[in-house]
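> Sending over a structure as structure tokens; questions will come in a sec.
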Amino acid sequence: VDAFQAWCGPCKTVVDLFRKIRNEVSSDHLHFAVAEVDSIDALEEYRGKCEPVFLFYAGGELVAVVRGVNAPLLQKTILEQL
């Protein structure tokens, strides 16, 4: 989940990376989403930050967090969680 604030919008620079990974792994277990933290109380702790935050969930539980746009780390985290 790309957790973003309304004033900065979702991180568009990683969309191509996500598409590439999705095409490469072709897993039914892999889903990408965006969430505006300003309108979701459960994501309140991510408000007021000036960096992109990517949240990884498995079985409804938060299993990993990547802060900032670090393409190698994002790809590594995605593949590890699969």
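> Considering only the stretch 28-74, state which residues are in a helix (DSSP H, G or I) and touching a helix residue (DSSP H, G or I) at 6+ places or on another chain (Cβ under 6 Å).
Passing the criteria: Val37, Leu43, Tyr46, Ala71.
> Does any residue of the stretch 2-11 turn out to be open to solvent by less than 30 Å² (accessible area, probe 1.4 Å), out of contact with any Lys or Arg (no Cβ under 7 Å at 6 or more places or on another chain), aliphatic (A, V, I, L, M) and assigned to a strand (DSSP E or B)?
Within the stretch 2-11, one or more residues are open to solvent by less than 30 Å² (accessible area, probe 1.4 Å), out of contact with any Lys or Arg (no Cβ under 7 Å at 6 or more places or on another chain), aliphatic (A, V, I, L, M) and assigned to a strand (DSSP E or B).
> Can I ask one more? Which ones in the stretch 19-55 are closer than 16 Å to Ala71 by Cα, under 10 Å from the mean Cα position of the chain (by Cα) and open to solvent by less than 30 Å² (accessible area, probe 1.4 Å)?
Val53, Phe54, Leu55
> Let me ask something else about it. With (1) among the small types (Gly, Ala, Ser); (2) within 14 Å of Glu80 (Cα to Cα); (3) open to solvent by 70 Å² or more (accessible area, probe 1.4 Å) as the list, and Ala58 as the residue in question, which single condition is left unmet?
Ala58 satisfies every listed condition except (3).
> Further question: Which of the residues spanning the stretch 37-51 are under 11 Å from Val1 (Cβ atoms) and either modelled with pLDDT under 90 or touching an Asp or Glu at 6+ places or on another chain (Cβ under 9 Å) (or both)?
Within the stretch 37-51, Val37, Leu43, Tyr46 meet the criteria.
> Turning to a different aspect of this structure: Contact list please: Cβ distance under 9 Å, first residue in the stretch 1-19 and free of Cβ contacts under 8 Å to residues at least 60 places away in the same chain, second residue polar (S, T, N, Q) and open to solvent by 30 Å² or more (accessible area, probe 1.4 Å), pairs at least six apart or on different chains.
Final answer for the pair search is Ala6/Ser39; Leu17/Gln75.
The values are calculated or read from the model by the stated rules, or taken from the named source; none is laboratory data. Model, not experiment: these values are computed from the prediction. Every residue, glycine among them, receives a Cβ derived from its backbone with ideal geometry; neighbour counts consider all protein chains shown. To get the accessible areas, we keep the full protein, side chains included, count just its heavy atoms, and leave off ligands, DNA and RNA. Shrake-Rupley method; radii C 1.70, N 1.55, O 1.52, S 1.80 Å.
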